[in-house]
Structure formats: C-alpha cells, structure tokens
1. List the helices (runs of 4 or more DSSP H) inside the stretch 1-97, counting only whole elements, that have at least 3 residues being in contact with a helix residue (DSSP H, G or I) (Cβ under 8 Å, 6 or more places away or on another chain) and farther than 28 Å from residue 111 by Cβ.
2. With respect to residue 38, determine if the residue is surrounded by 15 or more Cβ atoms within 10 Å (Cβ to Cβ) and within 25 Å of residue 98 (Cα to Cα).
3. Among the residues of the stretch 69-84, is any touching a residue at least 24 places away in the same chain (Cβ under 8 Å) and surrounded by fewer than 16 Cβ atoms within 10 Å (Cβ to Cβ)?
4. Checking residue 20 against (1) modelled with pLDDT of 90 or more; (2) under 19 Å from residue 103 (Cα atoms): exactly one of these is not met. Which one?
C-alpha cells in the first residue's frame with residue numbers, strides 16, 4: 001500500500017461507517033462554496049425568476065395578496081436575489097450560514113450517536 005492510500009484509509013473507513021453524515025457534509029460543502037446551488041432552485045420553486053414573479057406561482061399569489069411590496073422588504077429582497085440584484089449577497093449569506101449550522105448539527109448528532 002502506498003503512502004497516499006494509507007493516509008486516505010482512515011477517511012474512507014469513516015465515510016463507509018457514516019454515509020448519512022458524509023452526504024450532509026458534502027452537500028453543505030457545495031452550498032458553502034457555491035451558494036447559488038441552493039438559492040436558485042429555492043427561488044425558482046417559489047416562482048421568483050430573473051424576469052420577475054412567474055404568473056400563477058406562490059410568489060405571484062403572495063404579491064397579489066399583500067398588494068404593496070415595500071422596498072428592501074423580505075419579498076423585494078428575495079425577488080432582487082432571483083434577478084441578480086442587491087439581494088444576492090443576502091441570500092448567499094443565508095444559504096452559507098444554513099450550511100454551517102446544518103454541518104455543525106450533523107457533526108454533533110454524530111458525536112452523540114457514537115457516545116450512546
């Protein structure tokens with residue numbers, strides 16, 4: 001066994017022993033490094049697009065219910081993020097913070113499961 005394989009073996013053993021934790025850590029790593037991987041599908045699912053709210057979507061329903069959307073409010077910031085405006089940094093930061101919290105919770109969950 002060469003030195004690289006020997007060094008990687010403990011990591012591979014941990015991955016095979018903890019597949020769910022590995023999955024969460026990999027997904028959170030992707031979101032941490034490329035937050036658009038999480039925010040673009042999220043905004044699309046809500047009905048926010050680069051051209052504005054999609055007709056008949058959840059976003060359009062919310063907008064029609066309230067009627068007035070204040071500038072720099074939650075809805076306006078989300079729409080701005082979907083359109084590539086000032087809300088992008090807010091959405092990216094929220095996604096990255098969520099990834100960090102999720103990874104920490106997964107790590108703690110794994111530690112507690114091993115201690116039991």
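1. Ranges flagged: 36-46, 58-66, 74-83.
2. Yes: the conditions hold for residue 38.
3. Among the residues of the stretch 69-84, at least one is touching a residue at least 24 places away in the same chain (Cβ under 8 Å) and surrounded by fewer than 16 Cβ atoms within 10 Å (Cβ to Cβ), which makes the answer yes.
4. Going through the list (1) modelled with pLDDT of 90 or more; (2) under 19 Å from residue 103 (Cα atoms), residue 20 breaks only (1).
The values are calculated or read from the model by the stated rules, or taken from the named source; none is laboratory data. The shown structure was predicted, so the numbers you read here are calculated from the model rather than taken from an experiment. Note: ideal-geometry Cβ built from the backbone for every residue, glycine included; neighbour counts use all protein chains shown.
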